[in-house]
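Each value in this text was obtained by applying a stated rule to the coordinates, not by laboratory testing. These numbers were taken from a predicted model, which means no experiment stands behind them. Virtual Cβ from ideal backbone geometry, glycine too; neighbours counted across all protein chains shown.
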Amino acid sequence: MARTQAADYSERRAAIVDMAARLYADKGFLGASVADLAEALGASKSLIYHYYPSKEEILFEVMDQHLRLLSAAAEDVLARDLPPRDKLRALARAFMGLYVGAADRHKVLLNELSALPPARRAEIVARQRRLIGDVEQLLTAINPDLSPPLRRPAAMLFFGMINWTHTWFRADGPVGAEQVADLAADLTLLGLRGL
């Protein structure tokens, strides 16, 4: 007879992923063991393996959940009836809003991709490329004269401005996340005029 799923199954999986994000962001994927994760959760290694078959699957879940939120935010913004310039600003704000609440996950996504098995890495990279493609299309809608070879670099520069804010941005600092998002959008928009 199959074992029934615990009522708090989803909550336990979420707690494992949350703690893993914290540990992997702090110690790196290779520096944080399953034993470290179990200790931080006050659980056993066997309990962790009950919910996830491997340490790499936990890492994938950290990244995948973060990218799903970013993708949903992008879909929401791009579906709005707004001029492309306003969509870019809204997209920067949505991304920054997610980055602030998920700095650990974002750091793990940026720094630990190579630790994933190839098939799982390919899934994450495909989702990242879709987000980059969305921004490329948006930048092209803003400036149809943007030459094709410059579209990807322009999109990557936009992401470069906001992706690394986890290293310096402080929510309790003098500049808010929305202001940083607007600054990134303004720098992109003003720069596109000259391209």
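Using C-alpha pairs under 8 Å with a sequence gap of at least 6, the mean separation divided by the residue count of the chain gives a relative contact order of 23 percent. Mean residue ellipticity, 222 nm, helices only, the chain: the sum of -39500 (n - 2.57) across DSSP H runs of n ≥ 4, divided by residue count and rounded to 500, is -24500 deg cm²/dmol.
Between ASP26 and LEU187, full extension at 0.36 nm per residue minus the direct alpha carbon distance yields a gain of 54.8 nm. Could you work out the local net charge near GLY28, counting Lys and Arg as +1, Asp and Glu as -1, over the other residues with Cβ closer than 15 Å to its Cβ? Overall, the nearby charge balance is 0. Counting only alpha carbon atoms, the long axis of helix 148-163 and the longest principal axis of the chain meet at about 50°.
Using the alpha-carbon positions of the range 23-133, Rg (one decimal) and Dmax (whole number) come out as 16.2, 52 Å. Think of the range 60-193 as having a plus end and a minus end, set by charges on the Cβ of Lys, Arg, Asp and Glu; of ALA102, SER71, LEU131, LEU131 sits farthest toward the positive end of this dipole. Max-minus-min Cα coordinates of the chain on each principal axis give 62, 40, 30 Å, with the largest extent listed first. When the square roots of the Cα gyration tensor eigenvalues are ordered a ≥ b ≥ c, the ratio a/c for the range 83-123 is 1.5 or more and a/b does not exceed b/c, which makes its shape oblate. Over all other residues within a Cβ to Cβ distance under 11 Å of PHE60, the charged ones net out to -3, with Lys and Arg as +1 and Asp and Glu as -1.
Electrostatic tally near GLN137: other residues with Cβ closer than 12 Å to its Cβ, Lys and Arg +1, Asp and Glu -1, net +2.
The simple Förster model, with R0 at 41 Å and r as the Cβ-Cβ distance, assigns LEU82 and TRP168 a FRET efficiency of 0.90.
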